[in-house]
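Please read the structure below before turning to the comments.
Values in this text are rule-based calculations from the coordinates and carry no lab data. What you see is a predicted model, and the numbers here were worked out from it, not measured in a lab. FYI the Cβ positions are ideal-geometry reconstructions off the backbone, even for glycines, and counts take in every protein chain you see.
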Ligand SMILES: [Zn+2]
């Protein structure tokens with residue numbers, strides 16, 4: 001296939017694998033490669049990314065722009081990675097080191113930001129001015145895209161709602177939770193997949209030991225306790241999303257991560273958001289992502305525009 005416009009390579013730097021994807025201006029996939037992440041070794045991680053880019057470019061016979069999706073965020077103050085669960089990255093000058101290894105300027109963004117950018121560019125949020133992408137997976141993250149551009153900001157935390165405090169108004173007594181970040185009652189501890197499982201265990205008994213996928217299956221099979229867990233989950237998620245909608249009023253909310261596959265949410269959220277958004281009605285569409293797990297690597301490529309200016 002002859003690429004349309006400049007080719008961009010996205011790199012998804014994950015804890016278990018590093019994936020590279022080349023797309024053209026239309027978002028068509030030209031080449032895809034992946035390798036296992038070198039465990040806990042920073043220099044090998046840089047070398048693996050350099051080699052992946054070289055292989056993709058050799059296959060395509062061209063030189064491309066490169067964008068990287070990384071855990072954590074790059075501190076605007078120091079240029080160093082912070083908040084990454086792949087801890088070998090923390091405190092490293094990842095952008096500068098990759099630019100040196102690849103011999104070109106690179107763009108970096110948080111993986112949740114890459115999800116939001118991918119869905120805003122040619123995914124479920126395409127054509128909408130303001131897109132809030134919310135990840136509901138092992139953790140809860142998010143990104144905000146305005147007119148096709150990621151909102152990063154002076155703290156590089158645009159869209160990061162997962163460690164805001166869960167509003168307590170959904171019930172008389174919201175259960176107290178601790179978060180790995182050191183705060184209490186973070187949205188992540190209720191709205192992540194493990195958060196749903198922990199909530200079910202609190203009510204149904206700690207011995208239940210079942211994950212979010214199983215809770216959803218049980219609810220569909222008529223299990224009353226599982227159905228109640230799913231309803232609590234949806235209500236809390238609606239309340240948490242309402243805090244974003246009240247501030248930003250995005251044109252669309254796109255859900256990603258494992259829990260975004262739960263069909264029931266797309267029925268429950270429109271019903272529940274009206275109760276929590278400060279408006280006579282809530283017309284914000286809440287949509288399932290289009291690109292699924294590929295949104296991380298696609299969004300990294302979209303860190304560069306489809307068409308070069310001039
Ligand atoms: Zn937290």
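Limited to region 115-163, what total is found for residues that are in contact with a helix residue (DSSP H, G or I) (Cβ under 9 Å, 6 or more places away or on another chain), within 16 Å of the ligand (Cβ to nearest atom) and not in a strand (DSSP E or B)? Residues in region 115-163 being in contact with a helix residue (DSSP H, G or I) (Cβ under 9 Å, 6 or more places away or on another chain), within 16 Å of the ligand (Cβ to nearest atom) and not in a strand (DSSP E or B): 8 in total.
May I ask you to list the residues in region 179-209 that are surrounded by 14 or more Cβ atoms within 10 Å (Cβ to Cβ), within 15 Å of the ligand (Cβ to nearest atom) and either assigned to a helix (DSSP H, G or I) or without any contact (Cβ under 8 Å) to a residue 60 or more places away in the chain (or both)? Passing the criteria: 179, 183, 185, 186, 187, 188, 189, 190, 191, 194, 195, 198.
Each row is one residue, and each column tells you yes or no for (1) surrounded by 15 or more Cβ atoms within 10 Å (Cβ to Cβ); (2) more than 18 Å from the chain's Cα centre (by Cα); (3) free of Cβ contacts under 8 Å to residues at least 24 places away in the same chain.
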| residue | (1), (2), (3) |
| --- | --- |
| 223 | yes, yes, yes |
| 229 | yes, yes, no |
| 232 | yes, yes, no |
| 236 | yes, yes, no |
| 250 | yes, no, no |
| 253 | yes, no, no |
| 257 | yes, no, no |
| 269 | yes, yes, no |
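The listed residues are 39, 47, 58, and the only one of them that is touching a helix residue (DSSP H, G or I) at 6+ places or on another chain (Cβ under 9 Å) and in a helix (DSSP H, G or I) turns out to be 47. On the stretch given as region 285-303, residues that are in contact with a strand residue (DSSP E or B) (Cβ under 7 Å, 6 or more places away or on another chain) and surrounded by fewer than 21 Cβ atoms within 10 Å (Cβ to Cβ) total 3.
Taking the conditions (1) crowded, with 19+ Cβ neighbours inside 10 Å; (2) within 30 Å of residue 128 (Cα to Cα) in turn, residue 53 satisfies each one other than (2).
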